[in-house]
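Below is one structure, written out as structure tokens; comments come after it.
The values are calculated or read from the model by the stated rules, or taken from the named source; none is laboratory data. Since the structure is predicted, the reported quantities are computational estimates derived from the model, not experimental observations. Cβ placement follows ideal geometry from the backbone for every residue including glycine, while neighbour counts extend to all protein chains displayed.
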Amino acid sequence: MAQATNTILMIRPVAFRMNEQTAVNNYYQKVLDNVLPSTVQAKALAEFDLFVTKLKQIGITVIVVEDTLNPSTPDSIFPNNWISFHQSGHVGIYPMFAENRRLERRDEVLDTLEQNGLLIKNVIDYSSAESENLFLEGTGSLVLDRVNRKAYCALSPRANEELLDEFCEDFEYTPISFKAYQTVNNQREVIYHTNVMMCIAPKFAVVCLDCIDDKKERKNFINHLKQDGKEIIAISETQVNNFAGNMLSLYGANQKEYIIMSESAFKCLNAQQKINIEKYAAILYSNVDTIEACGGGSVRCMMAEVFLPKV
């Protein structure tokens, strides 16, 4: 088992915009005043293409699928929420909170992976849970320690505990659930996705411990990471607001380990945090300001890791 992969899936946007259906509980989204939708799309596309170029330059295999204009899927740039790929050859398909995000699930994506010589043995589809208003949004809701078989999950309207347990049974993980919060207008509000406040790399974890208000839950969380030999690199809530928790570990050329983050995340890290990360992995960052502002997600959400075996 490996924690990081060399291959990712990305969806190239055609009509990216702020999704009003996700904004109800994603407090990172912003309305860009006086900016035309066509300008938002053009900027997001430029950010996407530059990011893909940077990933390819360090030797990461990027499988890019073009989005379609119909149906309208403003958040299609974040595929990791509806699909996950595993070394067993299994694929997970997930139930989505926003109705217009359910339209992102496309069979052509699986076809493309198979055309790229990857083996899909089985598809486990949880999307029927939407009829009961139960959601679990892929590796947005689940931050997976693939080596130690632990699924970290901040419970929220988008991360249901019953579905977490079902996923863990099907994919053979131990659930580590907790509640994570952020301060919005002086109120403690539930964080919508786990991968906003934590990232697990092969030898370290970047986490915002201040988001876990319950002392018992926080202690349990820390104990699991320490048991598994992860160095905990703590970030602040302000840094979470700048997407410093939304990182992903990948292998580039010659199995060199990288940690991928946005420019806003990189800029908000202090010197010591960067030193602690760079003990283990080289940092690659890219500017995705428009995508972060309108989409309320960052680079990690844009990449669905592909662990499927080759045919």
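Here are some notes:
- Residues within region 84-111 that are in a helix (DSSP H, G or I) and either under 21 Å from Glu162 (Cβ atoms) or in contact with a helix residue (DSSP H, G or I) (Cβ under 9 Å, 6 or more places away or on another chain) (or both), tallied: 5
- Subset of region 281-311 [in a strand (DSSP E or B) and aliphatic (A, V, I, L, M)]: Ala282, Ile283, Leu284, Ala304
- Candidate set from region 38-49 (those that are at pLDDT 95 or above and loosely packed, with under 14 Cβ neighbours inside 10 Å); member that is farthest from Leu113 (Cα to Cα): Ala46
- If you go through region 83-119 and pick out every residue that is of a type in the set (Asp, Glu) and surrounded by 17 or more Cβ atoms within 10 Å (Cβ to Cβ), you end up with 1.
- Residue within region 146-169 that is touching a residue at least 60 places away in the same chain (Cβ under 8 Å) and within 22 Å of Ser236 (Cα to Cα) present: yes
- Out of Val65, Val52, sole residue that is at pLDDT 95 or above, touching an Asp or Glu at 6+ places or on another chain (Cβ under 9 Å), surrounded by fewer than 24 Cβ atoms within 10 Å (Cβ to Cβ) and not basic (Lys, Arg): Val65
- Residue selected from region 152-163 under the condition aliphatic (A, V, I, L, M) and buried (at least 23 other Cβ atoms within 10 Å of the Cβ), by the criterion nearest to Gly245 (Cα to Cα): Ala154
- Check on Ala304, under 19 Å from the mean Cα position of the chain (by Cα), touching a residue at least 12 places away in the same chain (Cβ under 8 Å) and closer than 18 Å to Gly138 by Cβ: yes
- Taken as a whole, the structure places Val207 among residues that are free of Cβ contacts under 8 Å to residues at least 60 places away in the same chain, buried (at least 23 other Cβ atoms within 10 Å of the Cβ), of a type in the set (Val, Ile, Thr) and in contact with a helix residue (DSSP H, G or I) (Cβ under 8 Å, 6 or more places away or on another chain).
- Tyr126 being modelled with pLDDT of 95 or more, crowded, with 17+ Cβ neighbours inside 10 Å and within 16 Å of the chain's Cα centre (by Cα): no
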